[in-house]
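Presented below is the structure to which this report refers.
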Amino acid sequence: MKTVKTISKALIILCLQLGLIACKKTEKKYSAYLELQKDTLTSETQIFTSDPNILKFNIKNIDQHPPKGLNIELIKYGYKFLTTTSRYVGYVVSNPKKRYAGNNLACVNCHISGGTKAYAGSWIGVMSSYPAYRTKNGKVNDIYMRINGCMERSMNGRPLEKDSKEMQGVVEYFRWLNTDKKLNYLPQYKGFLKIDLPKRAADTIKGKALYNKECFYCHGTNGSGIFFDDRNVSKGYVYPPLWGKQSYNLGAGMAKLGTLAGFIKGNMPYGVEANDPKISDEDAYDIAAYVNTKQRPSPPDLEQDYPDRLTKGADIPYGPYDDIFPEIQHRIGPLQPIKRYYLQQLKERKK
Ligand code: HEC
Ligand code: HEC
């Protein structure tokens, strides 16, 4: 009896210690995070990279290593705009004419570390990718059109003028991120992580439970995020919102199941990097479906997207569709049958 007691006591102590270690680990990350919040945005200071070549794009060192032929002041302006977007064009800035965005997000809330983080919608080399044809609007898009795509959808707003200082600053900043030719076409600096999509419908109930375990303590149980300063919300967020009126709209890239799942696996909880993820493919898929089936704004012109409807990705969450699947399947999967159907249709059209 005594030995059983000692063993169980030892087990309890072991469990407690393990729990404590796990807690401490999260706590450490969390407090390091809060430390950074003191007077500036995390996104402005935190550089995530295991690629030493990226360090030269740390804005803090730009004066010591000025890029040739570029306007440094304009680059700095662009960087400020990208990292504190809501202070320039947020929906509550004092000059109503400057309210280009319909929410208070910053571009870098999704394009993390000033667009230099691997698998986080990086802008490294983006100037070499445009102009490019986009199936979404069926047109060749230059960089200005592409930026405005995010203004209208991710930022739920309206386009910036091409000759505005904001736009010129962003493009000058992108030019800087385009100055190391060997980085420009690396896959980690193109878009987000791709997950192995489970061959089943996502489980939004499981997604909710996982959200309440892994995400709520920053983004809130109702997904509304946390402002820097409640009295001055145009300063933006410490933790951006994930759904509701202040989030990206239904037409945004992040509203797609696959894109959000990849973003989550590669970047969340905050601090995670794609080469050492915390959330599995299966879990990221369920969480993404939970988040993306919540209410969010709907832009007016959705039905004009994808003029060639057979080029519509399987996980575009809004119709009209040229297929036989219900809308909910586009939102929560399984996506493989939809992909197969579209491929088949495209093949038949070619005949
Ligand atoms: C809510 C998240 C989010 C926010 C905020 C956001 N974007 Fe994006 N952005 C995306 C996603 C997702 C994509 C990829 C789109 C896709 O998968 O269709 C993207 C793509 C882009 C691209 C094209 C990248 C490439 O490699 O082709 C540019 C340029 C861009 N965004 C600029 C911006 C700018 C500038 C802002 C701020 C005004 C911004 N984005 C805000 C999510 C966001
Ligand atoms: C420790 C805090 C923390 C946790 C936990 C966390 N996030 Fe985030 N999340 C952030 C921060 C901070 C950003 C903005 C990143 C930046 O600006 O550099 C962000 C950005 C995002 C974005 C893009 C911006 C937006 O609002 O649309 C999404 C989507 C997101 N997180 C989803 C999740 C999900 C899903 C989970 C749970 C698996 C999660 N996050 C867990 C802190 C956190």
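Derivation of every value follows stated rules applied to the coordinates shown; laboratory data play no part. Bear in mind the structure is a predicted one, so any value in this text is a computation, not a measurement. Note that we place each Cβ from the backbone using ideal geometry, even for glycine, and neighbour counts take in every protein chain shown.
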Exercise for the section: DSSP loop (so not H, G, I, E, B), at most 16 other Cβ within 10 Å: list which trypsin sites (Lys or Arg not before Pro) in the range 113-182 pass both filters. Expected result: Lys162
Exercise for the section: Hey, could you get me the Stokes-Einstein D for the range 204-350, Kirkwood radius over alpha-carbon pairs, 20 °C and 1.002 mPa s, rounded to whole µm² s⁻¹? Expected result: 130 µm²/s
Problem - the range 60-217: radius of gyration over Cα atoms, expressed as a fraction of 2.2 N^0.38 Å - result: 1.16
Practice task
Work out the charge dipole of the chain with +1 on the Cβ of Lys and Arg and -1 on the Cβ of Asp and Glu about the Cα centre, then indicate which of Asn267, Leu197, Ile47 is farthest towards its positive end.
Solution key: Leu197
Handout entry: Under the Karplus curve 6.51 cos²θ - 1.76 cosθ + 1.60, θ = phi - 60°, whole-Hz ³J(HN,Hα) for the range 146-154, x wherever Gly or Pro sits
Key = 5, 4, 5, x, 6, 4, 7, 10, 5
Exercise for the section: Kindly provide the chymotrypsin sites (Phe, Trp or Tyr not before Pro) of the range 150-227 that DSSP labels as loop, not H, G, I, E or B, and whose Cβ sees at most 12 other Cβ atoms within 10 Å. Expected result: Tyr185
Practice task
Place a +1 charge on the Cβ of each Lys and Arg in the range 42-187 and a -1 charge on the Cβ of each Asp and Glu, then give the dipole magnitude about the Cα centre in debye, rounded to the nearest 20.
Solution key: 280 debye
Fill in the blank from the handout: With a Förster distance of 51 angstrom and the Cβ-Cβ distance between Arg99 and Gln345, calculated FRET efficiency to the nearest 0.05 equals 0.75
Exercise for the section: Over 18 Å between C-alpha atoms is what I'm after, so list which of Lys56/Lys76; Lys199/Lys278; Lys56/Lys117; Lys139/Lys165; Lys117/Lys208; Lys199/Lys312 land there. Expected result: Lys199/Lys278; Lys139/Lys165; Lys117/Lys208; Lys199/Lys312
Exercise for the section: In square nanometres and to one decimal, what's the mean projected area of the convex hull around the Cα atoms of the range 103-191? Expected result: 5.7 nm²
Problem - FRET efficiency, 1/(1 + (r/R0)^6) with R0 22 Å, evaluated for Lys194 and Gln336 via beta carbons - result: 0.95
Handout entry: Gap separating the Cα centres of the range 127-147 and the range 194-219, nearest whole Å
Key = 32 Å
Practice task
State, in angstrom, two size descriptors of the chain derived from its alpha carbons: Rg to one decimal place and Dmax to the nearest whole number.
Solution key: 21.9, 82
Fill in the blank from the handout: Summing -39500 (n - 2.57) over every DSSP H run of at least 4 in the chain, dividing by its residue total and rounding to the nearest 500, the 222 nm mean residue ellipticity is -12500 deg cm²/dmol
Practice task
Can you work out the PRE-style zone for Thr135? Point 7 Å along Cα to Cβ, and I want the residues of the range 256-276 with backbone N under 20 Å.
Solution key: 256-263
Exercise for the section: Pick out, from Thr311, Tyr77, Leu343, the residue whose Cα sits farthest towards the positive end of the charge dipole of the chain, with +1 on the Cβ of Lys and Arg and -1 on the Cβ of Asp and Glu. Expected result: Leu343
